[in-house]
1. Does His56 satisfy being out of contact with any Cys (no Cβ under 8 Å at 6 or more places or on another chain) and exposed (fewer than 10 other Cβ atoms within 10 Å of the Cβ)?
2. So if I check each of Ala65, Ala49, which one is loosely packed, with under 10 Cβ neighbours inside 10 Å and part of a helix (DSSP H, G or I)?
3. Determine the pairs where a residue that is at pLDDT 80 or above, located within the stretch 54-83, has a partner that is part of a helix (DSSP H, G or I) and exposed (fewer than 10 other Cβ atoms within 10 Å of the Cβ) with Cβ atoms under 8 Å apart, the partner being 6 or more residues away or on another chain.
4. For Val12, work out the one condition from (1) more than 21 Å from the chain's Cα centre (by Cα); (2) modelled with pLDDT under 85 it doesn't fulfil.
5. What about Ser80, is it more than 30 Å from His14 (Cα to Cα) and surrounded by fewer than 10 Cβ atoms within 10 Å (Cβ to Cβ)?
6. Take the stretch 29-83 and flag every residue that is over 25 Å from the mean Cα position of the chain (by Cα) and among the aromatic types (Phe, Trp, Tyr).
Amino acid sequence: MEVSGTLSEDYVMHELLLTDLNDVVFHDLRELAARHGRIATEEPRAILAEALRSIHPDVWEPVDAIYRRLAASGRTFTDSAGL
């Protein structure tokens, strides 16, 4: 596996090269990508992002849960910025 990065004006985009994948793993990766409507090069990114999401949980999830609960109540709320 190789890791490299390229510098852009605003950010660094890293590159990960997977090598020595056996044919079965490569075939399964392509099938999984097709099922998810992605191309084969996007699927490993999605798999890694999902796997690593638990390391950095969404800090806004508790806020989103409150928002969903309030929205489900049917009540309307005004913007508090004018207060």
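1. Numbers: out of contact with any Cys (no Cβ under 8 Å at 6 or more places or on another chain): yes; exposed (fewer than 10 other Cβ atoms within 10 Å of the Cβ): yes.
Taking the combined requirement at face value, the residue satisfies it.
2. Numbers: Ala65 fails: loosely packed, with under 10 Cβ neighbours inside 10 Å.
From the options Ala65, Ala49, the qualifying one is Ala49.
3. From residues that are at pLDDT 80 or above, there are no pairs.
4. The single condition Val12 does not satisfy is (1).
5. Working: more than 30 Å from His14 (Cα to Cα): yes; surrounded by fewer than 10 Cβ atoms within 10 Å (Cβ to Cβ): yes.
Yes; evaluated as a whole, the condition is true for this residue.
6. Result: Phe77, single match.
The values are calculated or read from the model by the stated rules, or taken from the named source; none is laboratory data. Just so it is clear, the structure is predicted and the values come from calculations on it, not from any experiment. Every residue, glycine as well, gets a Cβ built from its backbone with ideal geometry; the counts of neighbours run over all protein chains shown.
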